[in-house]
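To start, the structure itself, in structure tokens.
The values are calculated or read from the model by the stated rules, or taken from the named source; none is laboratory data. None of the values given here were measured: they were computed from a predicted structure. No Cβ is skipped: glycine too gets one built from the backbone with ideal geometry, and neighbour counts run over all protein chains shown. Heavy atoms of the whole protein, side chains included, go into the accessibility calculation; ligands, DNA and RNA do not. Shrake-Rupley method; radii C 1.70, N 1.55, O 1.52, S 1.80 Å.
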Amino acid sequence: MTAYPKKYLNDLRDEIGEVKANIASGKQPVFDSADALFDKLEEK
């Protein structure tokens, strides 16, 4: 069993919520594969 501080879990929930909201709004890119991610990173 692993125990985490409540603040850590709350911060993690908040961050996950922000990412989900960004994905829904199109602000967060979503990749179908690691190769697609690396291709995008190499474009810069």
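Under the simplified labelling scheme, the THR2-ILE23 pair shows an inter-label distance of 2.0 nm, with each label point 7 Å from Cα along Cα→Cβ. Along region 16-32 the Karplus relation, 6.51 cos²θ - 1.76 cosθ + 1.60 evaluated at θ = phi - 60°, assigns HN-Hα couplings of 5, x, 5, 5, 4, 5, 5, 5, 4, 8, x, 6, 9, x, 10, 10, 7 Hz to successive residues, with x for each Gly and Pro. In the chain, carbon and sulfur make up what percent of the accessible area (probe 1.4 Å)? Carbon and sulfur together cover 55 percent of it. Working from Cα positions, state the angle (0 to 90°, nearest 10) between the long axis of helix 34-43 and the longest principal axis of the chain. In the chain, helix 34-43 runs at an angle near 60 degrees to the longest axis.
Looking at the chain, the accessible area is 98 square angstrom per residue; that uses a 1.4 Å probe and ignores ligands, DNA and RNA. Computed over the chain, the convex hull of the alpha-carbon atoms projects to a mean area of 5.0 nm².
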